[in-house]
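What follows is a short report on a single structure.
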Amino acid sequence: MKSLASSFGLGSEFDAFLFAPIAEDRNGMSLRVVSLLGRMDLDPWQEAASLAGLPPEAAVQRLTSLLDLLPGPPLQQPDSDTTAARLVALLPRRPAPNTRPLQASASGAATTHTRAMSNGIFIAIYLAVMLATQFVIAHLERARADAAHTPAPLTVASQTPPPDSVK
């Protein structure tokens, strides 16, 4: 289950968090945050973004509740509160909406506008291709129908007299 953002390499600011080790299983294999979230059928990049948007205390609580769902015996896990606090510290912090620089919000609006323009252009190209395809198919069907309804050329039987049987 891979998100669109992670497919295109977006969200790399969460790599330190997502690939941080949580605990070791009894074979010494390291369980990482990305694996934990994937096992819980959560999109790791979306969950990381969600946690990064929360206040640190709320993010620690949420992550602690996820860590508490891990099976105990197969993992050698330290205290989940301590682990969650360590992992949340790896998340990038976003500034509060009120403290956003004016330039950043303007560039965000420009990015949104550019994305909308790109989507509009792709839709227009798609529609043009579809209309052209329908026109070509209709033209070919009409030509085929005309060929099927064209009468065969008439052949005139030769007017040769029958052979004389009496001589």
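Please treat every number below as a calculation from the coordinates, not as lab data. As the structure is a computational prediction, the values presented were derived from the model and not from experiment. As a convention, Cβ positions derive from the backbone with ideal geometry for all residues, glycine included, and neighbour counts pool all protein chains shown.
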Pseudo-spin-label distance residue 119 to residue 13, built 7 Å along Cα→Cβ, given in nm, is 2.1
For segment 18-74 versus segment 112-132, the gap between their alpha-carbon centres in whole angstrom: 39
Nearest-0.05 FRET efficiency for residue 40 and residue 93 at R0 = 25 Å, using Cβ-Cβ distance, is 0.55
Which length gain, in nm to one decimal place, applies between residue 27 and residue 143 when the Cα-Cα distance is subtracted from 0.36 nm times their residue separation? 34.6 nm
Starting from 0.36 nm per residue, how many nanometres of slack lie between residue 86 and residue 54 once their C-alpha separation is accounted for? 10.0 nm
